[in-house]
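A.B. asks: Dumping the structure here so I can ask a few things about it.
The values are calculated or read from the model by the stated rules, or taken from the named source; none is laboratory data. On a predicted model such as this, the values are computed, not experimentally measured, just so you know. Please note: Cβ atoms are built from the backbone with ideal geometry, for glycine as well, and neighbour counts cover all protein chains shown. For the accessible areas, the whole protein counts, side chains as well, though only heavy atoms, and no ligand, DNA or RNA atoms are used. Shrake-Rupley method; radii C 1.70, N 1.55, O 1.52, S 1.80 Å.
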Amino acid sequence: AVYMRRHGVIVSFKTEAEGPNGPDAQQHPEEEASGVSRVRAVLIVLTLCYINLLNYMDRFTVAGVLPDIEQYFGIDDGNSGLLQTVFICSYMFLAPFFGYLGDRYNRKYIMSAGILFWSSVTLATCFWLQHFWALLLTRGLVGVGEASYSTIAPTIIADLYIKEKRTNMLSLFYFAIPVGSGLGYIVGSQVSSATKDWHSALRVTPGLGLVAVVLLLFVVQEPKRGAVEARSDMHQTSWLTDLRELSRNCSFILSTLGFTAVAFVTGSLALWAPTFLYRAAVFTGQKPPCVDEAQCSSSDSLIFGIITVITGLLGVASGVQVSRQLRKKTARADPLVCAAGLLLSAPFLYLAIVCAQTSTVATYIFIFLGETFLSMNWAIVADILLYVVVPTRRSTAEALQIVVSHLLGDAGSPSLIGVFSDSLRKTDSFLWQFRSLQISLLLCSFVAVVGGAFFLFTALFIEKDRNRAEKYIPSADEPIVVPKSGRSAHVSVSSVLI
């Protein structure tokens, strides 16, 4: 290693032969830098994709059996919305804690502990869900597992790959979100229908979560933080310093607000769309009303689940491809594609909601188009965060984005839609059960337009913030990491002043 004096501070750099750009690493620089073989890196990404799929399956299984839950507990739309809100709040408030740990300790063990807690507790309690408060408690515990995972997993992928490979792997990772969400609807509705008991639907994913813990422990290997990007001068700063620097990052703040709109819309549709479609079918006389538990199961959850899987795959893939082609013409491609996705989804979601009472086929077509455009954002937003934030702050940035996007997005949107629907309902007739929810869901189109505007503003700052992250040099008043005997030791600036 070579030690240089910078502003009176000793900073170490790897020589060309030692770094990932040296002659020994010309063929596979990422493997050399991260300390993880190519085959193991692929297995790690596939394991993370499986767990991401599992998380979203569990999140939306409840939406697939929501009519059954409402009938079983005799609750209104406002209380139904709490099922999603409680989960999101738990997830949201725990995210900063796991983000702090993820930037400082072994990420594999943090994720394993969180998912093991969620799986074991949820599997044990879902056999005794006789009270609504117990169901709310169980949904809150699910947030522990997702908070431990969602804040950390993308940063592991970022430490394994760079540039186009990173974008491709993130696309694969975020394919699991729509696929898992759709499978949640499908598994929830079909398991409930097969067993004639909605409780059974909630027991599927916790069992699979225990398998995920085994995969994490035996497949995932901790990569070196930031090494794949040849950032040998990286060192950990205090949490307050991280928050201060992130608050000054305009691209991060604005893209987070744009993603908040995505979370608001997807959270609302995720919980209420199958129920809304079922009420529309009841109102138009296409299906009988839900008068007992056996009749509550509906094909709408199955159809909506299939649409979610297909549109998610199309949306994520098309978003990445359009962004990749547009990058050849402008460095602002990513936020522009995100803005276009939201702005194009808004009119189709509006048409899907207003056409529900007249044409079921048209409704599904517009939902298909709206969700496809909405799904264009997932992988791109994650990529934006990773290249405008330095490696040692990425878990904290992920956690902060989760808190903001869920606090202002899907933490409250399901309950807000439910409460709004209850307040608009003049009678308990089938007409007003449908009409009140229909009017409430129109809010999603407005929020999508606002989110598109935030991404347009992001495009104004993206080049400057990306260049600043790539050229970041620790200042003289920050603690320095000096390599010693192959390990990193944190020392104070005063101890290395010349």
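A.B. asks: Show log10 I(q)/I(0) for segment 328-372 at q = 0.30 Å⁻¹, two decimals, from a solvent-free Debye sum over equal Cα scatterers.
C.D. replies: Relative scattering, expressed as log10 I(q)/I(0), comes to -0.94.
A.B. asks: For residue 412, enumerate residues with amide H under 5 Å from its amide H, sequence gap 5+ or separate chain, H modeled in the peptide plane.
C.D. replies: Under 5 Å from the amide H of residue 412 lies no amide H from a residue far enough along the sequence or on another chain.
A.B. asks: In Å², and per residue, what accessible area does segment 239-289 have when probed at 1.4 Å with the other protein chains present? If you can, show how the numbers build up before the last one.
C.D. replies: Values: 1610 Å² over 51 residues.
Accessible area per residue: 32 Å².
A.B. asks: Order 324, 244, most accessible first, counting only protein heavy atoms with a 1.4 angstrom probe.
C.D. replies: 244, 324
A.B. asks: In terms of Cα to Cα distance under 19 Å, which lysines are near enough to residue 163, apart from those fewer than 8 places away along the same chain?
C.D. replies: 224, 328, 329, 464, 471
A.B. asks: Provide the per-residue ³J(HN,Hα) series for segment 369-380, in order, calculated from phi with Karplus coefficients 6.51, -1.76, 1.60 and θ = phi - 60°, each as a whole number of Hz, with x at glycine and proline positions.
C.D. replies: My calculation for segment 369-380 gives 5, x, 5, 4, 5, 5, 7, 5, 7, 4, 5, 5 Hz in order.
A.B. asks: In segment 272-405, carbon and sulfur make up what percent of the accessible area (probe 1.4 Å)? If you can, show how the numbers build up before the last one.
C.D. replies: Numbers: 3220 of 4580 Å².
Solvent-exposed carbon and sulfur of segment 272-405 make up 70 percent of the total.
A.B. asks: With all protein chains present and a 1.4 Å probe, how do 199, 131 order by accessible area, largest first? Display every interim value, and only then the final one.
C.D. replies: Working: 199 15, 131 100 Å².
Result of the area sort, largest leading: 131, 199.
A.B. asks: Right, something else. What accessible area per residue comes out for segment 105-169, rounded to a whole number of Å², with a 1.4 Å probe?
C.D. replies: Values: 2400 Å² over 65 residues.
Here the per-residue accessible area is 37 Å².
A.B. asks: Enumerate the amide H contacts of residue 287 below 5 Å, restricted to partners 5 or more residues apart or on another chain; note that Pro and chain-start residues carry no placed amide H.
C.D. replies: It is 282, by chain and number.
A.B. asks: If ligands, DNA and RNA are left out, what is the accessible area of residue 303 with a 1.4 Å probe, given in Å² to the nearest 10?
C.D. replies: 60 Å²
A.B. asks: Something else: What lysines does residue 196 reach when the alpha-carbon gap must be under 21 Å and sequence neighbours fewer than 8 apart in one chain are set aside?
C.D. replies: Straight-distance partners of residue 196: 287.
A.B. asks: Separate question: Counting only the heavy atoms of the protein chains, how much of residue 410 is accessible to a 1.4 Å probe, in Å² to the nearest 10?
C.D. replies: About 10 Å², rounded to the nearest 10.
A.B. asks: Another one. Using the beta-carbon distance between residue 100 and residue 222 and R0 = 25 Å, what value does 1/(1 + (r/R0)^6) give for FRET efficiency, to the nearest 0.05?
C.D. replies: 0.90
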